[in-house]
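Computed from the coordinates by the stated procedures, all read-outs in this text should not be read as laboratory data. Please read all numbers here as calculations on a predicted model, not as lab measurements. Cβ atoms come from the backbone with ideal geometry, glycine included; neighbour counts cover every protein chain shown.
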Amino acid sequence: DARVTQTPRHKVTEMGQEVTMRCQPILGHNTVFWYRQTMMQGLELLAYFRNRAPLDDSGMPKDRFSAEMPDATLATLKIQPSEPRDSAVYFCASGSWRPGDTQYFGPGTRLTVL
Amino acid sequence: DAKTTQPTSMDCAEGRAANLPCNHSTISGNEYVYWYRQIHSQGPQYIIHGLKNNETNEMASLIITEDRKSSTLILPHATLRDTAVYYCIVRSFSQGDYKLSFGAGTTVTVRA
């Protein structure tokens, strides 16, 4: 089964530290999405890419968050500096750029900022 | 994207069919109905989707009303492992907007 993989699965860090989360989309998928899930807000879309180009990052706090796709097999989400309110589970999903397409989600990175 | 309305929670008995309703009265002609579920601490899992016709796969069936204003997800023989939050999502592919917008979903508890 082709799957989206995410690393690390768990991350505990202190406030002010840089955090980098990585995602490997399913081979052949050209669309990558980053979501964040908290108890209060549920699942929120942060940003998404098509063919490695950012299409929409309106859900992302621009001052501290950045998302990139250095190549077709890697997407990264960075937080610098991290804050306790960034504690959440971050999910990556991938799909193809076609109507009726399906997004497949990774297992998530559980981030705790102390 | 059009919004959806789902019950907050529902219980069902193991081995019985689970019927999960979803209202999407403002859906437009080119919008699909998607269902995902999220088992505790896992990533959302795709179940099924449809545009106009009813759909069936190895996991579930999706029944969409003729006017497309509502749909029902059917899990034919619920098991304890089907306990999860189920999300009904209306997804637009117009103007290159391919994102999924998740609501609160329905918390389904399958009881032995």
Handout entry: Filtered residues of segment B:81-97 (kept if touching a Gly at 6+ places or on another chain (Cβ under 7 Å) and within 10 Å of chain A (Cβ to nearest Cβ))
Key = B:Val85, B:Tyr87
Practice task
Among residues belonging to segment A:31-65 that are buried (at least 16 other Cβ atoms within 10 Å of the Cβ) and of a type in the set (S, T, N, Q), point out the one that is farthest from A:Tyr104 (Cα to Cα).
Solution key: A:Gln37
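Given the criteria more than 11 Å from chain B (Cβ to nearest Cβ) and in a strand (DSSP E or B), does A:Ala75 qualify?
It is true that A:Ala75 is more than 11 Å from chain B (Cβ to nearest Cβ) and in a strand (DSSP E or B).
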Practice task
Determine whether B:Ser101 is under 26 Å from A:Cys92 (Cβ atoms), within 14 Å of chain A (Cβ to nearest Cβ) and surrounded by fewer than 13 Cβ atoms within 10 Å (Cβ to Cβ).
Solution key: no
Practice task
Exactly one condition in (1) at positive phi; (2) free of Cβ contacts under 8 Å to residues at least 60 places away in the same chain; (3) within 10 Å of the chain's Cα centre (by Cα) is not met by A:Ala47; state its number.
Solution key: (1)
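Suppose we filter segment B:55-93 for residues that are touching a strand residue (DSSP E or B) at 6+ places or on another chain (Cβ under 6 Å) and either closer than 19 Å to B:Gln6 by Cα or touching a residue at least 24 places away in the same chain (Cβ under 8 Å) (or both); how many remain? Outline the logic, then answer.
Our first condition is that a residue be touching a strand residue (DSSP E or B) at 6+ places or on another chain (Cβ under 6 Å); within segment B:55-93, this holds for B:55, B:57, B:59-64, B:70-75, B:78, B:80, B:82-92.
So of that shortlist, the ones also either closer than 19 Å to B:Gln6 by Cα or touching a residue at least 24 places away in the same chain (Cβ under 8 Å) (or both) come out as B:60-64, B:70-75, B:78, B:80, B:82-92.
Result for segment B:55-93: 24.
Which one of these is crowded, with 20+ Cβ neighbours inside 10 Å, closer than 18 Å to B:Gln45 by Cα and of a type in the set (D, E, K, R): B:Arg91, B:Arg81?
Working: B:Arg81 fails: crowded, with 20+ Cβ neighbours inside 10 Å.
After ruling out the rest, the residue left standing is B:Arg91.
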Exercise for the section: Scan segment A:80-110 for residues that are facing chain B (nearest Cβ under 10 Å) and either outside any loop (DSSP other than H, G, I, E, B) or over 17 Å from B:Ser41 (Cα atoms) (or both) and report the count. Expected result: 16
Fill in the blank from the handout: Going through segment A:61-86 in order, the residues found to be over 11 Å from the mean Cα position of the chain (by Cα) and free of Cβ contacts under 8 Å to residues at least 40 places away in the same chain are A:Pro61, A:Lys62, A:Asp63, A:Arg64, A:Pro70, A:Asp71, A:Arg85
